[in-house]
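**Student:** I'd like to ask some things about the structure below.
The values are calculated or read from the model by the stated rules, or taken from the named source; none is laboratory data. Just so you know, these numbers come straight off a predicted model, no measurement behind them. Every residue, glycine among them, receives a Cβ derived from its backbone with ideal geometry; neighbour counts consider all protein chains shown. The area values use the complete protein model at the heavy-atom level, side chains included, leaving out ligands, DNA and RNA. Shrake-Rupley method; radii C 1.70, N 1.55, O 1.52, S 1.80 Å.
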Amino acid sequence: MKKRKFGLLISSVVATGAILGACGADEDKKENEGSTGSTDKGTETSTGDFSIAMVTDTGGVDDKSFNQSAWEGIQQFGKDHGLAKGDGGYDYLESKQDSEYNTNLNALIRRDFDLVFGVGFLFEDAIGKIASQQKDAQLAIIDGVVDAPNVASVLFNEQEGAFLAGVAAAKMSQTGKIGFVGGLKIPVIERFHAGFIAGAKAANPDIIIEEDYAESFDKADIGKMIANRMYSSGVDIVFHAAGGAGNGVFTEAKERKEKDANANVWVIGVDKDQYEEGQVGSHNVTLTSMVKGVGNAVIDISNRTKDGDFPGGQTTVYGLAEGGVGLADSRGAITADVLAVVEDFEKQIIAGDIVVPTHPDEVK
């Protein structure tokens with residue numbers, strides 16, 4: 001399989017979010033009505049000459065994380081090209097369970113979308129099967145690799161951005177104990193896990209790291225339970241890479257902050273800037289977020305495909321060097337001296353002086 005790399009500015013992640021946010025809550029509500037299951041037929045017909053759609057995993061389109069970032073990219077592409085939501089424009093289908101992946105992908109292909117995304121590693125089997133059956137379909141998978149000429153594969157070097165999150169957590173921790181909460185134990189989440197603990201240990205070899213998995217991307221109650229245990233044990237900063245389950249980490253931190261404004265509890269968000277998720281009155285429990293340019297990767301692949309350069313059979317990788325991962329603005333939560341340390345480590349990774357491990361077992 002050929003491998004190519006293409007640039008992606010992480011700053012455009014923030015720009016995309018700002019543009020979409022300006023559309024207003026009412027429009028967001030209207031946009032998200034309709035395509036919530038495999039039986040949806042779209043809300044209107046567009047006259048555009050290129051259409052795109054996506055299928056979410058079980059975390060849902062409003063998971064405030066990975067799926068939502070992809071959907072924001074889909075929406076932005078539609079706005080950029082004057083498309084309407086629905087057939088002939090842009091749309092999504094939401095999977096309530098894994099068994100709906102094939103059904104939803106096929107439904108969008110039957111609706112003649114020119115490019116269909118499967119969002120997440122768990123789509124590898126479904127997209128692989130459908131690609132072999134629907135050879136004229138143009139498919140793309142985020143966070144997975146399918147070796148087929150009609151599938152564009154997109155990966156991120158999550159471990160590099162997570163390394164910086166680990167550095168920030170280790171340097172900012174007042175208790176010397178930090179935590180990691182993962183979703184499922186799959187390669188993409190293990191890259192987050194490995195990078196975080198590697199960065200934390202590089203910044204402070206004596207740091208204590210508690211690690212756990214929710215074994216889910218949609219069970220916020222389990223994420224909350226894990227966070228409760230971690231904070232109760234003295235952990236003051238928790239990094240989650242758990243999708244919707246990670247929302248429970250925020251809930252636990254915010255409840256503690258509501259009870260005690262001086263509570264020393266922080267969350268590092270994932271995939272998109274989750275600052276708003278951490279708001280508690282006049283306080284905020286979001287230290288920073290490890291941002292992935294998922295939405296911008298969607299836009300990049302879609303534009304290239306529209307222009308006749310569909311990267312089928314190729315894997316496009318976005319890392320620190322390409323600006324595809326990084327830390328969101330901490331809004332002053334991370335001190336200037338710590339930010340300088342983070343920047344130094346970032347330069348070393350981009351220069352190749354530090355090669356970040358991709359599996360927790362590789363971290364000594």
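**Student:** Write out, first by first residue and then by second, each pair whose Cβ atoms fall under 7 Å of each other, whose residues are 6+ apart or on separate chains, and whose first residue, in the range 52-63, is free of Cβ contacts under 8 Å to residues at least 60 places away in the same chain while the second is aromatic (Phe, Trp, Tyr) and buried (at least 24 other Cβ atoms within 10 Å of the Cβ).
**Tutor:** The qualifying pairs are Val61/Trp71; Val61/Tyr92.
**Student:** In this structure, does Asp300 turn out to be on the phi < 0 side of the Ramachandran plot and either among the hydrophobic types (A, V, I, L, M, F, W, C) or in a helix (DSSP H, G or I) (or both)?
**Tutor:** yes
**Student:** For the range 172-274, which fully contained strands (runs of 3 or more DSSP E) count at least 3 residues that are in contact with a strand residue (DSSP E or B) (Cβ under 8 Å, 6 or more places away or on another chain) and open to solvent by 20 Å² or more (accessible area, probe 1.4 Å)?
**Tutor:** Hits in the range 172-274: 208-213.
**Student:** How many residues does the range 242-279 contain that are among the β-branched types (Val, Ile, Thr) and touching a His at 6+ places or on another chain (Cβ under 8 Å)?
**Tutor:** Qualifying residue count for the region: 4.
**Student:** Provide a single number: the residues in the range 318-349 that are surrounded by fewer than 16 Cβ atoms within 10 Å (Cβ to Cβ) and under 21 Å from the mean Cα position of the chain (by Cα).
**Tutor:** So the count comes out to 2.
**Student:** Quick one: Ser132 ticks every box in (1) touching a Ser or Thr at 6+ places or on another chain (Cβ under 9 Å); (2) of a type outside the set (D, E, K, R); (3) open to solvent by 10 Å² or more (accessible area, probe 1.4 Å) bar one, so which box is it?
**Tutor:** Ser132 satisfies every listed condition except (1).
**Student:** Any idea which of (1) buried (at least 24 other Cβ atoms within 10 Å of the Cβ); (2) modelled with pLDDT under 95 is the one Met290 doesn't satisfy?
**Tutor:** Just one mismatch for Met290, condition (2).
**Student:** Could you list, in sequence order, all residues of the range 67-79 that are open to solvent by 20 Å² or more (accessible area, probe 1.4 Å) and within 24 Å of Leu155 (Cβ to Cβ)?
**Tutor:** Result: Gln68, Glu72.
**Student:** Would you point out which residue out of Glu124, Glu160 is of a type in the set (Asp, Glu) and over 16 Å from Lys292 (Cα atoms)?
**Tutor:** Unique residue meeting the criteria: Glu124.
**Student:** Shifting gears a bit: All but one of (1) over 23 Å from the mean Cα position of the chain (by Cα); (2) surrounded by fewer than 18 Cβ atoms within 10 Å (Cβ to Cβ) hold for His359; which doesn't?
**Tutor:** Failing condition for His359: (1).
**Student:** Here's another thing I want to ask about it. Taking the range 135-162 only, how many residues are within 16 Å of Gly326 (Cα to Cα), open to solvent by 10 Å² or more (accessible area, probe 1.4 Å) and touching a Gly at 6+ places or on another chain (Cβ under 6 Å)?
**Tutor:** Result for the range 135-162: 3.
**Student:** Any idea which of (1) without any contact (Cβ under 8 Å) to a residue 40 or more places away in the chain; (2) assigned to a helix (DSSP H, G or I) is the one Gln75 doesn't satisfy?
**Tutor:** Going through the list (1) without any contact (Cβ under 8 Å) to a residue 40 or more places away in the chain; (2) assigned to a helix (DSSP H, G or I), Gln75 breaks only (1).
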